[in-house]
1. Using Cα-Cα distances under 8 Å and only pairs 6 or more residues apart, what relative contact order does region 123-183 have, in percent?
2. Over region 176-313, what relative contact order in percent results from Cα pairs under 8 Å that are six or more residues apart?
3. Roll a 1.4 angstrom probe over the protein heavy atoms and tell me the percent of accessible area of region 380-426 that is carbon or sulfur.
4. Do the alpha carbons of any pairs in Lys133/Lys319; Lys133/Lys435; Lys254/Lys435 sit beyond 32 Å of each other, and which pairs?
5. Specify the residue with the greatest mean-square fluctuation among Asp127, Asp42, Asp176, computed from a Gaussian network of the chain linking alpha-carbon atoms under 10 Å apart.
6. Using a Gaussian network model on the chain with a 10 Å cutoff between Cα atoms, which of Ser136, Ser231, Ser185 fluctuates the most?
7. Multiply the residue separation of Ile148 and Ala24 by 0.36 nm, subtract the distance between their alpha-carbon atoms, and state the gained length in nm to one decimal.
8. Using every Cα-Cα pair within the chain, state what percent have a distance larger than 31 Å.
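The values are calculated or read from the model by the stated rules, or taken from the named source; none is laboratory data. Worth saying up front: this structure is predicted, and the values here are computed from it rather than measured. Cβ sites come from the backbone with ideal geometry, for glycine too, and all protein chains shown count toward neighbours. We work out accessible area using only protein heavy atoms, side chains counted, and drop any ligands, DNA or RNA first. Shrake-Rupley method; radii C 1.70, N 1.55, O 1.52, S 1.80 Å.
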Amino acid sequence: MKDDPAVWRPRYLTTGHKFIVAFAIALVWFVLTWYAASPWIDDLAREVSRPAALTVVMLIALIPGFMNAFLVAGLLLDRRPPYAPLARYPPISLLIAAYNEEASIRETVQSVMDQGYPGEWELLVLDDGSTDKTVSVLQSITCPQLRIVQAAHRGKAPALNEGLDRARYDWIVTLDADTYLFPESLARLVARICRDPPNTAAVAGAVLAKNSRLNWITRMQEWDYFHGIASVKRLQSLYQGTLVAQGAFSVFRKAAIREVGGWPQTIGEDIVQTWALLERGYRVGFAENAVAFTTVPTTYRGFFRQRRRWARGLIEAFKAHPRVLVLPRITTMFIYWNALFPLMDSLYLLLFIPGMIAALFGYYYIAGPMTLAVVPLTLLINGVMFRVQRRMFEERGLSVRRNLGGFLVYIFAFQLVMAPASIAGYLAELAGLRKGWGTK
């Protein structure tokens, strides 16, 4: 039976078409905001040179606005097929690098055992010279698929590479030692990479905060993982190039990992390895419905150290794989966006925050009444993120917990508490300071 021509059906948009539409919407937003910001630029140019005024306004307002508009448009255009189990699941090797994880390793291993993965699997826990009872806890677990590999303390990357050499199967799943897998997440992660195009080398799972109820630091991070990190990964995967297949929960093709030399001995081994895969033309995806929960830092000191390490890893990735800046693929735009992070973070902390303080005393050169216009836009952006993420939660039988205080801190103060840590990381790597591999 032929389709009824009188019935209107939405036209299918390819990935390229979606990119063009999202880019056009973001460009229109950029032009409108440029026009609205012209008086601001003129006022600032009277105090400094016009090129300096343009640079400041572009980096603290116009370019972030463009990328936020692109993010919202991309998320609204993203339509993913419902999950369907594979007819046959491939055998997989799970790798957990552990160092002094006696408090969490049992729960992590149990969550793997409870997955009921419908295929063969093995679990290699790579003890990196723990000095606590991690090994004793592991030895008390009854699991035929569990293998404990003990080694001297050399760091996470060497431990994972040891596991790679010992793994029996061609699909490698990495987990952090404090990661808890939500039911069926392992099967969903593997199904995604099996259904993605053949040149997909890795797929990242959706990692959320596990201990989000302890204090304002953890409550804030709940929204960062739930909104910011997950939404950005989803957008990047829509355009065929997630920038980080995080070690906390991702699946890889063993042959692709071997091709890039395994995990590098760096602070940010996951981002450096992912960019090595992208540099060779591989795709990296994101399984938004393969959910895992990780323990986030509970103090500002811990949060500072984690985000400093992430920022340092970004610089490591640029130093190790500069060719990603000239790759002829649509996700290269995200690489350039990341390249602006050090400058934007620095301007935010050194100019925008002092400008906000000056505005309280009537000096509106950097910030002023127009700055308040970003509040409704920020709420709109987070509203779209929330809608997208809540839909995934409902599909998985999860519910979004009430966390208004954490949301407000995330909206209005997250950049303020994160920027110092990021800048410290950028400077540490650019200065070539000594590297140390610690916990999160």
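1. Working: 47 pairs, mean separation 23.5, N = 61.
Worked out over region 123-183, it gives 38 percent.
2. In percent, rounded to a whole number, it is 41.
3. On the way: 1410 of 2350 Å².
Answer for region 380-426 is 60 percent, counting heavy atoms of protein chains only.
4. On the way: Lys133/Lys319 38 Å; Lys133/Lys435 26 Å; Lys254/Lys435 27 Å.
Among Lys133/Lys319; Lys133/Lys435; Lys254/Lys435, the Cα-Cα distance tops 32 Å for Lys133/Lys319.
5. Residue with maximal mean-square fluctuation among Asp127, Asp42, Asp176: Asp42.
6. Greatest mean-square fluctuation among the candidates belongs to Ser136.
7. Stretched fully, the Ile148-Ala24 segment lengthens by 39.4 nm.
8. Working: 41344 of 96580 pairs.
Cα-Cα pairs in the chain separated by more than 31 Å: 43 percent.
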